[in-house]
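Here is the structure we will look at.
The values are calculated or read from the model by the stated rules, or taken from the named source; none is laboratory data. If you're wondering where the values come from, they're calculated on a predicted model, not measured in any experiment. For neighbour counting, all protein chains shown are included, and Cβ atoms are generated from backbone atoms with ideal geometry for every residue, glycine included. All accessible areas refer to the heavy atoms of the entire protein, side chains included, with ligands and DNA or RNA removed. Shrake-Rupley method; radii C 1.70, N 1.55, O 1.52, S 1.80 Å.
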Amino acid sequence: MLTLERIATETTVQGGFTWARGRSNPTSGYVVAKPEYGKKIFGWDGSAGVIAGFVAEHLLTVAANERMWYGTWVSGDVLYLDLVEIIEDREEAMRLGRERNELAIYDAGTQSEIPLV
């Protein structure tokens, strides 16, 4: 079962986590953030509370769009909370990432970042 505690743990251990509607960590496609929903948490201590608040805030948005997922990414002590889209076409994902001024997109198939700068 997917719990907020598991999401927090996986984010800490793996460096990030993507989930929506009972699904987690897609195995294909490219993860591209929607910057208008992004949030940075400085000094994140690994707890699930801040993730729970973000999920509650965007529950209806994710539920209404099959391409929309939640995403976490941690770098140092900064937690990035995003709503993300899974885009199947690499070139489209890279174009969207650049349009959205993202530093990178994530290749779910190879589980690696693709820098855009």
Q) Being modelled with pLDDT under 95 and more than 18 Å from E36 (Cβ to Cβ), is that true of even one residue in segment 90-102? A) no
Q | Cross-chain or 6+ apart pairs with Cβ under 9 Å, segment 96-109 first and more than 15 Å from W73 (Cβ to Cβ) and among the small types (G, A, S), then open to solvent by less than 30 Å² (accessible area, probe 1.4 Å) and not in a helix (DSSP H, G or I) | A | G109/P26; G109/G29
Q: Show the residue pairs that are 6+ apart or on different chains and have beta-carbon atoms under 7 Å apart, the first residue being within segment 66-91 and under 10 Å from T11 (Cα atoms) and in contact (Cβ under 8 Å) with a residue 60 or more places away in the chain, the second being part of a helix (DSSP H, G or I) and open to solvent by 60 Å² or more (accessible area, probe 1.4 Å).
A: V74/T12
**Q.** Every residue from segment 1-31 that is basic (K, R) and surrounded by 14 or more Cβ atoms within 10 Å (Cβ to Cβ)
**A.** R6
Q) Is there a residue being part of a strand (DSSP E or B), within 12 Å of the chain's Cα centre (by Cα) and either hydroxyl-bearing (S, T, Y) or at positive phi (or both) anywhere in segment 26-41? A) yes
**Q.** Flag for K34 being farther than 17 Å from D107 by Cβ, in contact with a strand residue (DSSP E or B) (Cβ under 7 Å, 6 or more places away or on another chain) and open to solvent by 60 Å² or more (accessible area, probe 1.4 Å)
**A.** no
